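The values are calculated or read from the model by the stated rules, or taken from the named source; none is laboratory data. Just so it is clear, the structure is predicted and the values come from calculations on it, not from any experiment. Counting neighbours? That spans all protein chains shown, and the Cβs are built from the backbone with ideal geometry, glycine included.
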Amino acid sequence: MKKNFVLVGIILASFGSYSMNTKVTSYSTYEIRDAVSVSVSVSSSNGPVAGALVKISSGEMTIGAGTTDASGKSTINIPAYNGQPVIIEVSHSLYKSEKVFAKILDNAPVFLTLRPKSETVESVTQKSEEKVVKIEEKTENSTQKAEEYKENATEYKEREENAVKSQEQLRKEREEAERIAEEKKRNAEANMTEAERKQAEAEKQRQEAERIKAEKQAQVEREAKAREEEAKKREAEAAARQKELENSKLIDAKAEEERAKKEAEAKQKEQEQKVKDAEKAAKEKEEKAKAEKEAAEDKEKAEKEAAQKAEEKAKEEEKKEKAEEKAKEEAEKAQKEAEKEEKEAEKAQKDAEKEAEKAAEEAEAAKELEEKLAKYDEDQKEIDKERKELDKEQKKLDDKKKKGKNLEKLQKAQDKLDEAQRKLDDKQKKLDEKRKKAVRKAK
């Protein structure tokens, strides 16, 4: 059975005495249903989840709560429900919380699946066995590596001798490349002085133009963002007014939530202790396997140190060889760069002249941008004036609402005022877009 009910509690308190013949607007009428019984079943990949906390809320208010039993089920009775969308939230210390949003309660069962966020007894045991197998594999691997290190020592000795022979030839080639590069570099430096002077002058003009454009762009974006925030604030205030009416008849189930929460915590602590016991047993088994692995690793370490000494000596000579080879490559590279700089010095003089002309054009564009934005500032003053008038009207309307009279008439006035604000917001957005477009075009 359903009943029609009119939410007039807040309005009656404001009026004092209320005439039964007064017409109530349709926006404050809701359907209040009979008590609702909600069955929530919670499971995971390992089966039903016991001890989970189930909470049903509407907005900021909890209207029902319970704890799942051994079968993962919790039945929650809600004495009064107005058909609004609710949120069903399930939480458990061993699992990740889950939520069902915008749910309409209708006595139908609800099913949720949780994902584990910590170890179970079964997973702890399985992972421990896997770790022991991996440790044993490492023990065998260490034994094999000890033999390999012994064989590598001879190979490192041969590499050392070859590296010493290569170093001398690389040194001679490097010195010749360095001599040629130095000669080319001196020629290039002689041709760059005038190009650098012109380039510096052009850069100074460009920086001034960029400064002007950056300042104007930042100003346009800052002012547009502030106006957008004001529009959002107005929308939020209108939504809050409507929300206040909708939640006035829900029943607060905070006490039921606290009882269910304590019951869930007790069950969850018992489950957590079982996990800790399994982790302790697994750790003891892992420690035994680690001791065997460490013995094999000690033997591997001894053979490895012997091979490392031979390897270090070979690598030291190879490092010297690579350093000499790299020095030769750097010298050849420097030689090519010097030749390139010699050719580019003449080109740099011509490019500097072109940059100076371009910088002058950018300075002129920045000046035109300032003039255009000044015109838009006049349009902005008109919008600000209209906004101020609308804000005054809103304040007057809010004062009338507080008196609680002629609500139907005041609602129409509010709708008209909201529409005026939206139109002015559209006008503001178009003007801001013009500003942004002018800045983009000036780049």
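Suppose the filter is at pLDDT 80 or above and either in a helix (DSSP H, G or I) or not aliphatic (A, V, I, L, M) (or both); does Arg197 pass it? Don't jump to the end; show me each part of the working.
Details: at pLDDT 80 or above: no; either in a helix (DSSP H, G or I) or not aliphatic (A, V, I, L, M) (or both): yes.
So Arg197 fails the test.
Can Asp398 be described as farther than 20 Å from Lys375 by Cβ, acidic (Asp, Glu), in the same structural domain as Ala209 (by TED's automatic domain parsing) and loosely packed, with under 12 Cβ neighbours inside 10 Å? Walk me through how you get there before you give the answer.
On the way: farther than 20 Å from Lys375 by Cβ: yes; acidic (Asp, Glu): yes; in the same structural domain as Ala209 (by TED's automatic domain parsing): yes; loosely packed, with under 12 Cβ neighbours inside 10 Å: no.
No: the conditions fail for Asp398.
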Among the residues of the stretch 215-269, which ones are acidic (Asp, Glu), over 33 Å from the mean Cα position of the chain (by Cα) and modelled with pLDDT under 70? Glu246, Asp252
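Okay, residues lined up against (1) closer than 22 Å to Ala253 by Cα; (2) of a type in the set (S, T, N, Q); (3) in contact with a Pro (Cβ under 7 Å, 6 or more places away or on another chain); (4) free of Cβ contacts under 8 Å to residues at least 60 places away in the same chain:
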site: Gly72; (1), (2), (3), (4): yes, no, yes, yes
site: Gln84; (1), (2), (3), (4): yes, yes, no, no
site: Arg115; (1), (2), (3), (4): no, no, no, no
site: Ser123; (1), (2), (3), (4): no, yes, no, yes
Quick check, is Ser128 in contact (Cβ under 8 Å) with a residue 40 or more places away in the chain, under 30 Å from Glu284 (Cβ atoms), in the same structural domain as Gln268 (by TED's automatic domain parsing) and in a helix (DSSP H, G or I)? yes
Which of the residues belonging to the stretch 383-421 are within 24 Å of Ala226 (Cβ to Cβ) and without any contact (Cβ under 8 Å) to a residue 12 or more places away in the chain? Asp384, Lys385, Lys388, Glu389, Asp391, Lys392, Lys395, Asp398, Glu419
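Could you tell me which of the residues Lys138, Lys96 is at pLDDT 80 or above, outside any loop (DSSP other than H, G, I, E, B), closer than 30 Å to Ala65 by Cα and out of contact with any Pro (no Cβ under 7 Å at 6 or more places or on another chain)?
On the way: Lys138 fails: closer than 30 Å to Ala65 by Cα.
Among Lys138, Lys96, only Lys96 is at pLDDT 80 or above, outside any loop (DSSP other than H, G, I, E, B), closer than 30 Å to Ala65 by Cα and out of contact with any Pro (no Cβ under 7 Å at 6 or more places or on another chain).
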Name the residue, out of Leu114, Leu170, that is over 30 Å from Glu353 (Cβ atoms), modelled with pLDDT of 80 or more, surrounded by 14 or more Cβ atoms within 10 Å (Cβ to Cβ) and not assigned by TED's automatic domain parsing to the domain that holds Ala331. Leu114
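I need the full set of residues from the stretch 288-305 which are of a type in the set (Gly, Ala, Ser) and surrounded by 16 or more Cβ atoms within 10 Å (Cβ to Cβ), in order please.
The initial filter retains those residues of the stretch 288-305 that are of a type in the set (Gly, Ala, Ser), namely 289, 291, 295-296, 302.
The answer is Ala289, Ala296.
Here is a list: Lys276, Lys285. Which entry is closer than 28 Å to Ser142 by Cβ and surrounded by 11 or more Cβ atoms within 10 Å (Cβ to Cβ)?
Working: Lys276 fails: closer than 28 Å to Ser142 by Cβ.
From the options Lys276, Lys285, the qualifying one is Lys285.
Quick check, is Glu332 more than 30 Å from Glu160 (Cα to Cα), more than 44 Å from the chain's Cα centre (by Cα), at pLDDT 80 or above and surrounded by 12 or more Cβ atoms within 10 Å (Cβ to Cβ)? Can you show your working first?
Numbers: more than 30 Å from Glu160 (Cα to Cα): no; more than 44 Å from the chain's Cα centre (by Cα): yes; at pLDDT 80 or above: yes; surrounded by 12 or more Cβ atoms within 10 Å (Cβ to Cβ): yes.
No.
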